[in-house]
Each structure stands twice: as C-alpha cells, then as structure tokens.
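These notes are about the structure you will find just below.
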Amino acid sequence: MIDTVIVILNMIFLKEIEIGLYSAIVIYLMGKVIDILFEGIYFTKLLFIISEKSEEISKAIEEKVQRGVTGIYGKGMFKNEEKLILMCAATRRDISKIKEISKEIDPKSFIIITNSREVVGLGFKNET
C-alpha cells in the first residue's frame, strides 16, 4: 500500500506518468523476485473439490494426472448435508487438467484453488 501511495504521489506531483508506471512495474517484479528467493521456484497449488461425484473425480485425477487425492469428510451448512471434500496438491501445470476433469464429470462441482506454502512428499520436494 505504501509503495502504491508513493508511486501515485510521484505521478501527481512530478507529472511524470512514465516514471510512475516504470516504478509500479519494478515494484511488482521485485516482489516476485523476493517471493522466489524466500519460497523457491516450485509453487504448488492446493485444490479442494466439492462434488456429488467425488469418487469418480478422484479416480480420474489419479489415472489421468497421476496425483494423489485425499477425501475429507465435511458438512455443507447451506443444505446441512455431509459431503466428501477432495483435497489435491498439484503443480501449476496440473491445475487446468484437474479442473477440466472435475467439470467434465460434474459440471456443478465446486472448486477452490489456493496457494500452498510447501508440499513435502512423493511427487513433490523430498526432505531427508
């Protein structure tokens, strides 16, 4: 937020829009470089898939993408129903495949994709 305020004030007072735009680009790029330095280049995503066809989706992900899927039992508070929530850690390039599989099997599936700080284990970073 502070960087944004400084860039905007710079553009207003110095009337140099180009410098402000270049500054915004550099601030964004530096943020990405710092993220890579601290977190590494292996970004992993975590998917939560809620569907009436969880078993089918799970099997398809395991067969077509070779990613493990974990089932977590939860309760949907809107309809007060118990559901099997699928959780899958995947690389960025696997995300579109998994979404496609899920929507193909169940167009009404609900998918949440979030960044994962670190994944350790088979198929990901192994620590000894």
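Any read-out appearing in this document is the output of simple, stated calculations on the displayed coordinates, not a laboratory observation. Remember, predicted model here, so these are calculated numbers, not experimental data. Here the Cβ positions follow ideal geometry from the backbone for every residue, glycine too, while neighbour counts run over all protein chains shown.
Students often forget the sequence filter, so: which lysines lie under 25 Å Cα-Cα from K97 once same-chain residues fewer than 8 apart are removed? K97 reaches K45, K53, K59, K64, K83, K108, K125. Each Lys and Arg adds +1 at its Cβ and each Asp and Glu adds -1 at its Cβ; summed about the Cα centre, the chain shows a dipole of about 180 debye. Taking every full run of DSSP H in the chain, the ones that stretch at least 27 Å from end to end by Cα along their long axis and average -1.0 or higher on the Kyte-Doolittle scale are 17-39. Along the axis of the charge dipole computed for the chain (Cβ charges of +1 for Lys and Arg, -1 for Asp and Glu, origin at the Cα centre), the listed residues I111, A90, I6 are led at the positive end by I111. Which one, (i) 1.49; (ii) 1.04; (iii) 1.14, gives Cα Rg over 2.2 N^0.38 Å as derived from the coordinates shown? Given (i) 1.49; (ii) 1.04; (iii) 1.14, the calculated one carries the label (i). Its Cα centre serving as origin, segment 44-116 has a Cβ charge dipole (Lys and Arg +1, Asp and Glu -1) of approximately 320 debye.
Once you reduce segment 1-44 and segment 66-128 to the center of their Cα atoms, the two points are 32 Å from each other.
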